[in-house]
Amino acid sequence: MHEMGVIAMQTIKTLEEYQPTDKVEILNWTTRLTFETIGRCGFGYEFGLLDSKDAPTHPFIEAMSYCLKTVVIRRQQPSIFKHLPNEQNRKFDRSVKLMNDTVDQVIKERKQSPEAGDKDKDLL
């Protein structure tokens, strides 16, 4: 089955875990589905976001979310604030490092995998 078909089936299976009276956070699910699709189709990487309705958020996604929110704030501040040794800037730097390290690791693992030459597996 094509990877998109696998993702669709896994999403349906996971959403079936909900009871008819349960609330489903659509923004949360579209984010999960988007990142899982990008990870698998782009890099052959599974974030595990569709494993169950209660699957934890991947640290990469938490870091990206924090950085996106922080960038909005940082754009409104004088540039000097970006260089202050405060927790917000340290967390931003840690989040950027985590994202870079994750991407580097995914690429390294993918290039070393037996499927590295399979052009039909993913974009990487």
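Listed values, structure above:
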{"read-out": "Cross-link reach list, aspartates and glutamates versus K23, counting only Cα pairs under 15 Å and skipping chain neighbours closer than eight places", "value": "D54"}
{"read-out": "0 to 90° range, to nearest 10: angle between helix 59-75 axis and the chain longest Cα axis", "value": "40"}
{"read-out": "Ranked order, K97, K53, K23 - accessible area, probe 1.4 Å, largest first", "value": "K23, K97, K53"}
{"read-out": "MRE, 222 nm, helices only [DSSP H, n ≥ 4, -39500 (n - 2.57), over the chain, to nearest 500]", "value": "-18500 deg cm²/dmol"}
{"read-out": "Nearby lysines by direct alpha-carbon distance to K91 (threshold 18 angstrom, same-chain neighbours under 8 apart not counted)", "value": "K69, K82"}
{"read-out": "Between 0 and 90°, nearest 10: helix 87-112 axis offset from the chain longest Cα axis", "value": "40"}
{"read-out": "Fluctuation leader among L49, L98, L84 - the chain, Gaussian network, Cα springs under 10 angstrom", "value": "L84"}
{"read-out": "Sequence-separation-based contact order of the chain, relative, with Cα cut under 8 Å and 6+ spacing, percent", "value": "28"}
{"read-out": "Proximal lysines relative to K121, as straight alpha-carbon distance under 26 Å, when same-chain residues fewer than 8 apart are discounted", "value": "K13, K108, K111"}
{"read-out": "E25-K121 FRET efficiency (beta carbon distance; Förster radius 41 Å; 0.05 resolution)", "value": "0.85"}
{"read-out": "Semi-axis lengths (Å, descending) of the ellipsoid that matches the C-alpha gyration tensor of the chain", "value": "31, 23, 10"}
{"read-out": "Segment V6-S79, extension gain: residue separation times 0.36 nm, minus the distance between their alpha carbons", "value": "21.8 nm"}
{"read-out": "Peptides ranked, highest mean first, by Cβ atoms within 10 Å: ranges 36-44, 54-62", "value": "36-44, 54-62"}
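The values are calculated or read from the model by the stated rules, or taken from the named source; none is laboratory data. Bear in mind the structure is a predicted one, so any value in this text is a computation, not a measurement. Quick reminder, even Gly has a Cβ in these numbers, built from the backbone with ideal geometry, and neighbours come from all protein chains shown. Calculation scope for accessible area: heavy atoms of the full protein, side chains included, ligands and nucleic acids excluded. Shrake-Rupley method; radii C 1.70, N 1.55, O 1.52, S 1.80 Å.
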